[in-house]
Amino acid sequence: MKAVSLFSGCGGSDAGLIKAGFEVVMANDILPYAKEVYEANHPETDYLLQNIEIVKSFPSADVLAGCYPCQGFSQGGKRQADNKLNYLYLEFARALNLIKPKAFIVENVSGMTRTTFDHLLKDQIKVFSEAGYNVVFKVLNAADYGVAQERKRIFIVGTRNDLQLNFLFPEPTHGTELIPKKTIREALEGLPLWPEKSEYYDYGFHWYYMSRNRKRNWDETSRTMVSSPRHMLLHPISPDMVKISQDHWEFVSDAPARRFTYKEAARIQGFNDLIFPRENETSLENKYKVVGNAVPPPLFEVIARKLKFLL
């Protein structure tokens, strides 16, 4: 089956689609380095570096996938209900009406379900339904599906009405008695404890960074990966943090502390060893950003695999 991917970034959603057995015939985004990383890892896909608003035609596909930007919804952002990026779902709906695929998958931050944005979520359901799709949505946690990270995301899935199908979200595969959740230790197996300093943000820990606990230990699941190098979480080799007062944490010792590298962040996101082209020529900010903005591939894969089976 063929898939078209919009707002593709460096390819987290598409790595999941490919693993589930789809051929991604088109990907799209506006971030140049995201395109470089994507093409280094998936050279077989045609990647269009262009603003979606001026893309006039799309190849035919069985599934349309999209992870439109979420700055207006994100707990890591300003949570602005009127942020113009909040309305890029209308561009996704335009592509949906042009392609008329059998089904679609949308992923976004769970903050979309907050009361402030309830009207926007309802409107997405409305425009996708009016396009001729049976639409369902649910918030899933990546840690429940084999990702070494607590990362809650909303998935909106639609199947074309004429197919008369009912999509049911997959049950958690990890965190059960039989299969525990994946740990940081498992995700980072084989990587050095102290890599080159060029691979991680090696500047001080400012007051805001120290306003909360940024660390999980080896045999725990990580907190949510972020796209900002300054706010990247601590590697387990770092000393523990202890709460001193409201919004004030400190390290329990003077032992060396460091943030995760961008390569470790990619592992914790659920990528295999991601290829970073022009690694020594590109800023840390770019490398952390494309990883932190990505969808965990195993989480997207489990949705795509369930949908493919249904179709």
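Descriptive notes on the structure:
- Partner lysines whose Cα lies under 24 Å from the Cα of K102, excluding those fewer than 8 positions away in the same chain, are identified as K2, K19, K56, K122, K126, K138, K306, K308.
- Rounded to the nearest 0.05, the FRET efficiency derived from the C-beta distance between V139 and E186 at R0 = 22 Å is 0.35.
- Residue list for segment 153-180, given a label point 7 angstrom along the Cα-to-Cβ vector of K19 and an amide N cut-off under 14 Å: 173-174
- Projecting the Cα atoms of N280, G12, N141 onto the dipole axis of the chain, where Lys and Arg carry +1 and Asp and Glu carry -1 at the beta carbon, places N141 farthest toward the positive end.
- Global geometry of the chain, whether rounded, prolate or oblate, following the gyration tensor of its Cα atoms and the 1.5 cut on a/c: prolate
- Residue exposure sequence - D273, D144 - by fewest surrounding Cβ within 10 Å: D273, D144
- Shown here are the Rg and Dmax of the Cα trace of segment 213-311, at 16.4, 56 Å.
- For segment 156-271, the number of Lys pairs separated by eight or more positions or lying on different chains, with C-alpha atoms closer than 24 Å, is 8.
- Calculated [θ] (222 nm, deg cm²/dmol) that DSSP helices of n ≥ 4 give over the chain, each run adding -39,500 (n - 2.57): -7000 deg cm²/dmol
- A cut-off under 13 angstrom between Cβ atoms defines the neighbours of E279, and their net charge, with Lys, Arg +1 and Asp, Glu -1, is -2.
- With R₀ fixed at 45 Å, the C-beta to C-beta distance from T115 to N51 puts the FRET efficiency at about 0.90.
- Tensor-based shape of segment 99-212 (alpha-carbon gyration tensor, a/c under 1.5 rounded, otherwise prolate or oblate): prolate
- For V55, V252, order by how many other beta-carbon atoms lie within 10 Å, fewest first: V252, V55
- Computed about the Cα centre, the dipole magnitude for the chain is approximately 680 debye when only Lys and Arg (+1) and Asp and Glu (-1) carry charge, each at its Cβ.
- Rounded if a/c under 1.5, otherwise prolate or oblate - segment 118-173, Cα gyration tensor axes: oblate
- Length gained when the stretch L284-L310 is fully extended (0.36 nm per residue, less Cα-Cα span): 5.3 nm
- Charge dipole (debye, nearest 20) of segment 178-217; +1 at Cβ of Lys and Arg, -1 at Cβ of Asp and Glu: 360
- N166 paired with Y209, simple spin-label distance in nm, labels 7 Å along Cα-to-beta-carbon: 5.1
- Antiparallel content of DSSP bridges confined to the chain, in %, to 5: 55
- Potential extension, N217-E196 segment - 0.36 nm per residue separation minus Cα distance: 5.4 nm
- Ordered by the count of other Cβ atoms within 10 Å of each Cβ, fewest first, I99, I179, I125 give I179, I125, I99.
- Site pair K100 and I237 shows an inter-label distance of 5.7 nm when each label is modelled 7 Å from Cα along Cα→Cβ.
Bear in mind these aren't lab numbers, they're just calculated from the coordinates by the rules spelled out. Owing to the predicted nature of the structure, the values given are computational and were not obtained by experimental measurement. Note: ideal-geometry Cβ built from the backbone for every residue, glycine included; neighbour counts use all protein chains shown.
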